[in-house]
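Below you'll find the structure I mean.
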Amino acid sequence: FISYFSIPAFYDKNKLRAEIENQIFSQYNLEVKLGSSLKYGLLPKPHFYSENTIISYNSYEIAKSNNLKVSIFSNNLFSFSNLKIKNLRFRKTDFKIDSTNIKFFTDQLKNIKNKKRLSFLNSKLFFIDQNDNVIFFSDIKNLNFSFEENSLKKLESKIKIFNIPINI
């Protein structure tokens, strides 16, 4: 049982990194560049995690995450090419958003599909102007994109803007 779930720890890290980045792009339409330290975790469920992950939107770097957890389905672990992503969880992500890429959040809601889940926890959003000056920043306690039954796409969020808590 333990040896079956430990198989992904022996995959080639460079090929695995490319495969995970490709799957994230194809399943979530999210451009990510995983950090140099890609590790495998077995408990509580099989997952990979990476530090210093870069998120891009329209070829522009909009966020840097300190911790990305990629949960995978536990079936077909013998085959590298059959790994399937279950959900993504980003922690401590700093977004640098301006008027040209604010549409990132609505596009992610439109692109979520097949009972997938995308979460951002304990993050910050910096809204900047054309001169890279911060206009305001927001604390994001959680920001969850999910696909529910009956093709319902759902966004849940707890944020603070100007120290005013807002639930969406």
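The values are calculated or read from the model by the stated rules, or taken from the named source; none is laboratory data. Just so it is clear, the model here is predicted, and its values are computed rather than measured. To get the accessible areas, we keep the full protein, side chains included, count just its heavy atoms, and leave off ligands, DNA and RNA. Shrake-Rupley method; radii C 1.70, N 1.55, O 1.52, S 1.80 Å.
Could you work out the Rg to Rh ratio of region 38-117, with Rh taken as the Kirkwood radius (inverse of the mean 1/r over all Cα pairs)? Could the numbers behind the result be given before it?
Values: Rg = 14.4 Å, Rh = 14.2 Å.
Checking Rg against Rh, the ratio lands at 1.02.
Follow-up. How big is the antiparallel share of DSSP beta bridges in region 83-168, given as a percent to the nearest 5?
75
If you don't mind, another one. In whole Å, largest first, what are the principal axis extents of the Cα atoms in region 121-168?
Taking max minus min along each principal axis of the Cα atoms, region 121-168 gives 43, 23, 14 Å.
Percent of accessible area on the chain owned by carbon and sulfur, 1.4 Å probe?
After summing per-atom areas, the C and S share lands at 52 percent.
Continuing with the same structure: Given the rule -39500 (n - 2.57) for each run of at least 4 DSSP H residues, summed and divided by the residues of the chain, what is its mean residue ellipticity at 222 nm, to the nearest 500 deg cm²/dmol?
Working: 3 runs with 29 residues, N = 168.
Result for the chain: -5000 deg cm²/dmol, rounded to the nearest 500.
Throw me the Rg/Rh for the chain, computed over C-alpha atoms with Kirkwood Rh, two decimals.
0.99
Next question. I'd like to check one number: the per residue accessible area of region 71-159, probe 1.4 Å, reported in Å² as a whole number.
Spelled out: the 1.4 Å probe surface of region 71-159, per residue, equals 57 Å².
Same structure, new question: For the chain, what's the relative contact order in percent, using C-alpha pairs closer than 8 Å and at least 6 residues apart? List each step's numbers first, then the result.
Details: 360 pairs, mean separation 24.1, N = 168.
Answer for the chain is 14 percent.
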